[in-house]
Amino acid sequence: MSTLEKLTTTRQKEHELEQLSPFELKDNLIELASDRQKKSSLTMLNAGRGNPNWICTMARQAFFTLGRFGIEECRRQMDDPSGMAGIPEIGGLGGRLRDFLEKNSDMEGAGLLREVFEYGIKTHGFAEDDWALELTEGVMGDQYPVPVRMLKCCEQVVHDYIVKEMCDGKPSVGGRWDLFATEGGTAAMCYLFDSLKQNGLLKTGDKIAIGVPIFTPYLEIPVLDTYGFNVTYIHGNGRDENGSYNLQYTDSELDKLGDPSVKAFFIVNPSNPTSVMISQESRRYLVNVVKEKNPNLMILTDDVYGTFVPGFQSLMNDLPANTLCVYSFSKYFGATGWRLGVIALYEDNIYDKMLAELPEQEKKRQAKLYESLTLEPQKLKFIDRLVADSRDVALNHTAGLSTPQQIQMMLFAGFALLDRENRYKQASIELLRHRYQLLWDGLKIKVISDPNRASYYSEFDIQDWAVTNYGQDFFDWLQKNFEPVDMVFRLSERCAVVLLNGGGFAGPEWSIRVSLANLDDEDYSRIGRIVSNTLAEYVETWQRETGREVTAQGISCS
């Protein structure tokens, strides 16, 4: 047995806990790390969750400045000492907004708000009073969201942003994508799974494919009794010409999607935890597979990390008719608490076509579901069914993301559109790349350049490292003496460092995931050193037990 220091968490307990989702396992790791922190001078480093430690300031400043204007407008109609005010009035509202911004030009956010207002008028021809009313009522939140799917003007601005970021500003098709504003990407996922089932596009027992590794809910939701899908995994385990993992889907894996019995393909792109975008070559291959062998393949792509890869291209641009794109504003703008997401679906899509081709009996069943919404329920578009289903149809009239959330979402989008030199984008990309470099410098491993890397997370494959550097015998010894999650428990208990296990994301069992978003830069150097020292301790123990030459290097948590 190993002479490594014994942990308070036994191997049997590790084995039991590794069956949990990594986001549930992390609670045990945090508890261990907290205990270690209390007993030492160590500071706990939690690189398990991907909440960014930066925010976008300018769009928030514009939001609060707009709020000031909204309060003034409401008080114009009624200003009761009790604290009661009226509601905005449309007549001359655009002019009053201009005057307010002129008089308060030194107020933080006023400049961006003026630019966004002018952008809507000059780019989309918004009537200035209508546009000003949507902004003012929206930020005040005094009206129900109308339309329920998304505010009319806000949708067009956010659409421009989605095309810029998801299609690199070069859409492959004419026409538009319809948007549904949701309470973050999480709500979008739930709505999509539910509506695909509700509308008969996916049935219990249907075969679906999931690109792995992947954010764990995409693994957990499809196998719930509610859905009961038959899951095929598409593994991102490709290697480059030098034999190093590039984490791409190989042609042989993508060929699985050519089977017409595979109804849907769910992916996160760039992936989580590997944080790598699907390469141009793989996207081209996938397009051919779909068009030639499985033209009705439904694709759900979660592209929340796409903004961290220069020139990112979503599958919504490669296969617009097939793809439902989920995008969240949470990571890029440091807005996880705002719960801002959208579902984008191209106006000419296979979902509406497949609904039109359903058997008459199924059409009648669905017509009964939606007959309270329209006199022609069979013609209701899939994206509008998503909205209705999100409120159990009966509450469709009160559906929709809260209007203040939609205004903040639109201001984030407007800020990015008007940042024509991409200063914010470049700053965020450089920040993550710098942290990635610091982590791997600490690991004492050379970073291989990869244009597809988002660097939001970093996955380290212990098995690949072990076999490459010390041979299969060393890895066999690791497997015999330790659980794959031993590393994350050892880091938590001994050094107060919390990382997640890659196996929980359907990645390599012997891997760890580091979030590069939520700690200070120098913390990643420390994490790299601690992981490197812990790996060295495994090696030293193996060498001692097997009579090999010992390279002594005691564990250090600094």
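Quick look at the values:
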| read-out | value |
| --- | --- |
| Rounded accessible area of Met107 (nearest 10 Å², 1.4 Å probe) | 40 |
| Carbon + sulfur, % of accessible area of segment 204-281 - ligands and nucleic acids excluded, 1.4 Å | 48 |
| Of all accessible heavy-atom area on segment 35-192, the percent that carbon and sulfur account for (1.4 Å) | 51 |
| Net lengthening on full extension, Asn53/Asp259 (0.36 nm per residue, minus Cα-Cα) | 69.9 nm |
| Antiparallel content of DSSP bridges confined to the chain, in %, to 5 | 50 |
| For segment 17-75, alpha-carbon Rg relative to the globular expectation (2.2 N^0.38 Å, N residues) | 2.00 |
| Backbone HN-Hα couplings from phi across segment 426-442 [Karplus 6.51/-1.76/1.60, Hz, Gly and Pro as x] | 5, 5, 5, 5, 5, 4, 5, 5, 5, 5, 4, 5, 4, 4, 6, 4, x |
| Sequence of Trp338, Trp177 when ordered by accessible area, the most exposed leading, probe 1.4 angstrom | Trp338, Trp177 |
| Values of log10 I(q)/I(0), in the order q = 0.09 Å⁻¹, for the chain under a Debye, Cα-only, solvent-free model | -0.75 |
| Value in Å of the Kirkwood radius, where segment 375-533 supplies the Cα pairs that are averaged | 19.7 |
| Surface/4 of the Cα convex hull for segment 116-201, nm² | 7.4 |
| Principal axis dimensions, largest first and in whole angstrom, of segment 68-176 by Cα | 56, 33, 22 |
| Ratio of the Cα radius of gyration of segment 318-425 to 2.2 N^0.38 Å, where N counts its residues | 1.33 |
| Rg and Dmax of segment 149-197, Cα atoms only, in Å | 12.4, 33 |
| Additional length obtainable on full extension of the chain from Asn469 to Glu24, 0.36 nm per residue less Cα span | 157.0 nm |
| Sorted peptide list for 321-334, 7-20, 426-439, criterion being average Cβ within 10 angstrom, highest first | 321-334, 426-439, 7-20 |
| In degrees, nearest ten, helix 110-124 long axis to first principal axis of the chain (Cα) | 70 |
| Value in Å of the Kirkwood radius, where segment 269-345 supplies the Cα pairs that are averaged | 13.2 |
| Bins of 5 Å from zero: percent of alpha-carbon pairs in segment 81-125 | 5, 18, 21, 21, 18, 11, 3, 2, 1 |
| Cα-derived Rg to Rh of segment 234-276, Kirkwood definition | 1.02 |
| Two-site label geometry, Lys381 and Asn288: point separation in nm, points 7 Å out along Cα→Cβ | 3.3 |
| Mean separation of Cα contacts under 8 Å (6+ apart) over length of the chain, as relative contact order % | 22 |
| Reach of Lys38 by Cα under 17 Å, taken over aspartates and glutamates that are not fewer than 8 positions away in the same chain | Asp27, Glu493 |
| Contour excess over end-to-end distance, with Cα ends at Ala427 and Lys446 and 0.36 nm allotted per residue | 4.5 nm |
| Å² of accessible area per residue within segment 356-424, as computed with a 1.4 Å probe and no ligands counted | 52 |
| Anchor Lys293: lysines whose Cα lies under 16 Å away (excluding residues fewer than 8 positions away in-chain) | Lys207, Lys256, Lys263 |
| Calculated [θ] (222 nm, deg cm²/dmol) that DSSP helices of n ≥ 4 give over the chain, each run adding -39,500 (n - 2.57) | -14500 deg cm²/dmol |
| Restraint check, Lys291/Lys368; Lys203/Lys379; Lys197/Lys291; Lys13/Lys197, Cα-Cα greater than 29 Å | Lys291/Lys368; Lys13/Lys197 |
| Estimated FRET transfer efficiency when R0 is 25 angstrom, pair Val173-Glu357 (beta carbons, to 0.05) | 0.70 |
| Largest-first ellipsoid semi-axes for segment 126-278, taking √(5λ) over the Cα gyration tensor eigenvalues, angstrom | 35, 22, 14 |
| Per residue convex hull volume, Cα atoms of segment 474-549, in Å³ | 95 |
| Segment 258-312 - convex hull of alpha carbons, volume per residue in Å³ | 81 |
| Glu108-Glu72 pseudo-label distance in nm [points 7 Å out on the Cα-to-Cβ vector] | 1.9 |
| Those lysines that a straight Cα-Cα span of less than 19 Å connects to Lys6, excepting residues fewer than 8 apart in one chain | Lys39, Lys480 |
| Geometric extent, Cα atoms of segment 204-298 - Rg, Dmax (angstrom) | 13.4, 44 |
| Distance between segment 324-392 and segment 110-156 - C-alpha centres, whole angstrom | 23 |
| Rotationally averaged projected area of segment 368-443 (alpha carbon convex hull; nm²) | 9.2 |
| Accessible-area value, Asp461, 1.4 Å probe, nucleic acids and ligands omitted, Å² | 30 |
| Principal-axis tilt of helix 184-198 within the chain, Cα atoms, nearest 10 degrees | 80 |
| Quarter of Cα convex hull surface for segment 464-508, i.e. mean projection, nm² | 3.6 |
| Percent RCO, i.e. relative contact order, over segment 83-163, from Cα pairs under 8 Å lying at least 6 residues apart | 34 |
| Volume per residue of the C-alpha convex hull in segment 395-487, rounded to whole Å³ | 205 |
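The values are calculated or read from the model by the stated rules, or taken from the named source; none is laboratory data. Not measured: the values here are computed from a predicted model. All Cβ positions, even for glycine, are placed from backbone atoms using ideal geometry, and neighbour counts span all protein chains on display. We work out accessible area using only protein heavy atoms, side chains counted, and drop any ligands, DNA or RNA first. Shrake-Rupley method; radii C 1.70, N 1.55, O 1.52, S 1.80 Å.
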